[in-house]
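The values are calculated or read from the model by the stated rules, or taken from the named source; none is laboratory data. Note that this is a predicted model, so its numbers are computed, not measured. Heads up, the Cβs are rebuilt from the backbone with ideal geometry, glycines too, and the neighbour counts pull from every protein chain shown.
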Amino acid sequence: MMACIQFVLLFLCSFIFIFKFNPSYAQISNLPVKSLVLLPVTKDPATFQYLTTIYHGTPQEPVKLVLDLGCPSLWVDCSSGHVSSSRRPIPSCSIQCSTANPSNMSCAFSAARPTCDLSAENSITGSATRGELVEDILTIRSVDGSKSGPATTVDHFLLSCAPKFLLNRLAKGAQGMLGLGKTRIALPSQLASKFGFQRKFATCLSSSSDGVVLFGNEAGYDSIFGTEISRSLVYTPLVTNPDGSGSSQEYSINVKSIKINGKRLPLSQEGIGEGTKISTTVPYTTLESSIYSTFIKAYTEAATNMTIVAPVSPFGLCFSSKENGSTLLGPMVPTVDLVLQSEMVKWRVHGRNAMVPVSDEVMCLGFLDGGVNSKTSIIIGGFQLEDNLLEFNLGTSMLGFSSSLLNRQTSCSMMLQSILKDSL
């Protein structure tokens, strides 16, 4: 009898949750067709982490978060002293809990643990712990066409409260991490449900304070980036790592081969980068040790007119920058191509995203040795993502990428500074 009652209650909760959160049933909040929801992004100079600020709770409080592509949810340290009157714990016996944690398919232990548990992870340290799922009000800014729009509010936003120790090694002032993963409670899915958006988002990171993450539909992208850029992205499938390594919430692509100045590296196997991960929490691209060794040798051979100098940690190959010429695409150095599903589809890395200036006279190749036992053979790091427009489409499981916007005589900062100058 008790089991039957629990089943009925869960069914009723499911109906209410579907009506509230599913755009097919819920009343969609109205935004103009060209509107986007926007998160300004800055780069922390000490940790090289990418930071954004949201406003949540009642009263509203700004919360600085580290951006993490692969994190499945938004988690914060709720012990900071701010008390939100709109924060509500999520019961363990609820459809919200089952949606956030698919393994929670039973109410059998709801009496012993009445609130919903949700794993929270710091991807910088690799630490994970149990958090508590709550709902609260989230406020972020919007963009109407090519200008700043009003602040917009998301009611009943699901996030996780995590203990303070999980903040270890996050940038100064950060109170948690903002996940852009593939789950139904990650920010892209919750915004899509709230506003009737397509389940996709775009990133345009910068080494300055003018990076951005955008959520919305195609018309909105056109109004900010222009159709010449937004309609000319190259697309490649998003995949799951074939060896099962990594999280299913992470964004990965297949790299079939690597070329330096158009010459293919003599690597021993095809698909050397199957499950190549794209990361905003890894500062520079890492290559598994055997790939890295071949890569460094080939790059050294291609850099015939460059002077090698002593390496500067953590980099393994550095050059003198005193006599090196420069273009709109950065230093004049060998180009790196990550060849994807065919020879015609490649992610090209020019000097700006290849060379890291470490002093006025030295620059280093921004590709690092990922180790012998690396779970992922290639991780494309944040430095290589900067001034590249990336579109993550969860609905089609495709990644759209522009390669360097500098090639079009523009940048993330140049395109976005006019709409980011107004405060929330």
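Give segment 354-370 a look and list any residue that's in a loop (DSSP other than H, G, I, E, B) and out of contact with any Gly (no Cβ under 9 Å at 6 or more places or on another chain), or say none. Listed by number, the residues that qualify are Val358, Ser359, Asp360, Glu361, Gly370. Scanning segment 294-340 for residues that are part of a helix (DSSP H, G or I) and in contact (Cβ under 8 Å) with a residue 40 or more places away in the chain returns Phe295, Ile296, Tyr299, Ala302. Scan segment 207-217 and give yes if some residue there is among the aliphatic types (A, V, I, L, M) and either outside the structural domain of Leu69 (by TED's automatic domain parsing) or in contact with a Cys (Cβ under 6 Å, 6 or more places away or on another chain) (or both), otherwise no. Yes; the residues of segment 207-217 include at least one that is among the aliphatic types (A, V, I, L, M) and either outside the structural domain of Leu69 (by TED's automatic domain parsing) or in contact with a Cys (Cβ under 6 Å, 6 or more places away or on another chain) (or both). The residues of segment 43-95 that are in contact with a Cys (Cβ under 6 Å, 6 or more places away or on another chain) and either of a type in the set (D, E, K, R) or not in a loop (DSSP other than H, G, I, E, B) (or both) amount to a single one, Ile95.
The residue that is surrounded by the most Cβ atoms within 10 Å (Cβ to Cβ), counting only those in segment 343-372 that are at pLDDT below 95 and closer than 17 Å to Ile260 by Cα, is Glu343.
What number of residues within segment 266-291 satisfy the criterion of being touching an Asp or Glu at 6+ places or on another chain (Cβ under 7 Å) and surrounded by fewer than 20 Cβ atoms within 10 Å (Cβ to Cβ)? The number of residues fulfilling the criteria is 1.
Scanning segment 346-359 for residues that are among the β-branched types (Val, Ile, Thr) and under 22 Å from the mean Cα position of the chain (by Cα), which turns out farthest from Leu405 (Cα to Cα)?
Val356
Of these, Ser193, Ser232, Ser223, which one is among the hydroxyl-bearing types (Ser, Thr, Tyr), over 26 Å from Glu135 (Cα atoms), more than 18 Å from the chain's Cα centre (by Cα) and assigned to a helix (DSSP H, G or I)? Every option except Ser223 fails the conditions. Looking across segment 210-231 at every residue that is more than 11 Å from Leu389 (Cα to Cα) and among the polar types (S, T, N, Q), the one that is surrounded by the most Cβ atoms within 10 Å (Cβ to Cβ) is identified as Ser223. Filtered by the rule that a residue be surrounded by 13 or more Cβ atoms within 10 Å (Cβ to Cβ) and in contact with a strand residue (DSSP E or B) (Cβ under 8 Å, 6 or more places away or on another chain), segment 315-332 gives Phe315, Gly316, Leu317, Cys318, Phe319, Ser320, Ser321, Asn324, Leu329, Gly330, Pro331, Met332. Is it the case that segment 197-207 has a residue that's at pLDDT below 95 and out of contact with any Asp or Glu (no Cβ under 9 Å at 6 or more places or on another chain)? Looking for residues that are at pLDDT below 95 and out of contact with any Asp or Glu (no Cβ under 9 Å at 6 or more places or on another chain), one finds at least one in segment 197-207, hence yes. So which residues in segment 35-85 are free of Cβ contacts under 8 Å to residues at least 60 places away in the same chain and in contact with a Gly (Cβ under 6 Å, 6 or more places away or on another chain), if there are any at all? Once the filter is applied, which keeps residues that are free of Cβ contacts under 8 Å to residues at least 60 places away in the same chain and in contact with a Gly (Cβ under 6 Å, 6 or more places away or on another chain), segment 35-85 yields only Ser84.
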